[in-house]
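Please read the structure below before turning to the comments.
The values are calculated or read from the model by the stated rules, or taken from the named source; none is laboratory data. Computed from a predicted model, the values in this text were never measured in an experiment. Because the Cβ atoms are built from the backbone with ideal geometry, glycine has one as well, and the counts that use them run over all protein chains shown.
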Amino acid sequence: MQIIAKRKVADTAKVLMVISITLLVYGIILNLSTIWGLVDAPKRGIINDPTTSTQDISITPSDGNELVSNDDSTTENSNNRTIEGTSDENLDRKNIILRNEIEKEFSIIVRYGQETANYKVGGVDTVPITDSKLANDTLNSLYSTLSLYPRGMFKEIRDGGIPLTIILVNNYSENGITGVTDSSYDYANISIAAIYDFPESFYHESYHYIERYMFKKKANFNSWDNLNPSDFQWNTIAGSLSYSNTFKEDAYFVNNYAQTSAAEDRASTFEYMMAPTKASCLNKGNNIWKKANYMALTMESVFDTVSPDSIEYWERFIK
């Protein structure tokens, strides 16, 4: 009986040894896989993907989300492209030419007018632009706004697997929606309501698109929450923390909408980075400046078209 018991112990030890060796080899393989995965990481070392979903729809409301500044200077009109003739037929021809020019120069697709009929996103219907003059104004604003981004940036995102379609609509069926970004790691649709301030809406939605590509390239904002008050929780709105309410330089958020989620915080901050005038919350060392700087450094880390040796338009207030 003792001999049989000893044999059972020996056999059990052998089985445990085989299992241990197997787990060790498996662990080595996993470790090598992680190292090999760094080959496709951004060129300056951001490697973790914080997202778990493959599709996202971000609906941006107008209430409480407008850019505000305590600067009394006026906003310049960025629409410098001239129109010869005023007939709808002439405008329609010019709009088609302008749309084609935008698509070619910025490597995107643009849809407007009846091309957007029946477009629905996030359960919300849209109303097409039927006025030729409004279509022309919106296309001109789109061209001027796109020109503020680094040359080739949208082509880089397209070539990286996320082509962009911009859908220009008159308005959404629900009041107060300025824009919607519907995106995944394979496509992105940004729709903008022409009845609202176009550049402001586009800055916000375009950042959602930019961030989607950054996440695809394994970027992350793992330290983002550290820039908020220690007891803050997302989607618990406190107006006293918002710059748009207090005009305090040391505010933590640009507006109340930024407090709904980390993604909306960054998109709303990007609006202020792209604004025509500087808000005092972007002065160096302030809480929102730290967030803006974090975003700028991350974009530099991911994009070949964003150079750390030049000051991009969104960096002009934070450098």
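Determine, yes or no, whether Lys290 is assigned by TED's automatic domain parsing to the domain that holds Thr165, under 29 Å from Ser147 (Cβ atoms), of a type in the set (Lys, Arg) and under 17 Å from the mean Cα position of the chain (by Cα). So Lys290 does not fit the description; no.
Every residue, every condition in (1) under 16 Å from the mean Cα position of the chain (by Cα); (2) modelled with pLDDT under 95; (3) of a type in the set (Phe, Trp, Tyr), yes or no:
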| site | (1), (2), (3) |
| --- | --- |
| Ala117 | no, no, no |
| Ala135 | no, no, no |
| Tyr143 | no, no, yes |
| Gly161 | yes, no, no |
| Leu164 | yes, no, no |
| Ser183 | yes, no, no |
| Ile190 | yes, no, no |
| Ile195 | no, no, no |
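Within region 69-111, the only residue that satisfies the criterion of being at positive phi and at pLDDT 55 or above is Ser107. Would a scan of region 240-258 turn up a residue that is farther than 22 Å from Thr60 by Cβ and either of a type in the set (Asp, Glu) or not assigned by TED's automatic domain parsing to the domain that holds Ile192 (or both)? Looking through region 240-258, at least one residue is farther than 22 Å from Thr60 by Cβ and either of a type in the set (Asp, Glu) or not assigned by TED's automatic domain parsing to the domain that holds Ile192 (or both). A count restricted to region 153-193 and to residues that are outside any loop (DSSP other than H, G, I, E, B) and within 21 Å of Glu271 (Cβ to Cβ) stands at 23. Quick one: would you say Tyr196 is over 21 Å from Ile97 (Cα atoms), touching a helix residue (DSSP H, G or I) at 6+ places or on another chain (Cβ under 9 Å) and not in a strand (DSSP E or B)? In short, no. Within the bounds of region 97-112, is there any residue that is surrounded by fewer than 19 Cβ atoms within 10 Å (Cβ to Cβ) and farther than 26 Å from Met153 by Cα? No, region 97-112 has no match at all.
Quick check on this structure: which one of Ser191, Ser132, Ser183, Ser144 is closer than 14 Å to Ile210 by Cβ and of a type outside the set (Val, Ile, Thr)? Step by step, each of Ser191, Ser132, Ser183, Ser144 is checked, and only Ser183 is closer than 14 Å to Ile210 by Cβ and of a type outside the set (Val, Ile, Thr).
Only one entry of Thr60, Thr126, Thr130 meets the criterion of being modelled with pLDDT of 95 or more and assigned to a strand (DSSP E or B), and that entry is Thr126.
Residue-by-condition table, conditions (1) out of contact with any Lys or Arg (no Cβ under 9 Å at 6 or more places or on another chain); (2) closer than 23 Å to Ile57 by Cβ:
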site: Asn95; (1), (2): yes, no
site: Tyr112; (1), (2): no, yes
site: Thr116; (1), (2): yes, yes
site: Asp125; (1), (2): yes, yes
site: Thr130; (1), (2): yes, no
site: Leu139; (1), (2): no, no
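Residues in region 250-265 that are surrounded by fewer than 24 Cβ atoms within 10 Å (Cβ to Cβ), under 14 Å from Trp289 (Cα atoms) and charged (D, E, K, R): Asp250 only. Quick one: in region 208-229, which of the residues that are free of Cβ contacts under 8 Å to residues at least 60 places away in the same chain and polar (S, T, N, Q) is surrounded by the fewest Cβ atoms within 10 Å (Cβ to Cβ)? Going through the qualifying residues, I end up with Asn226.
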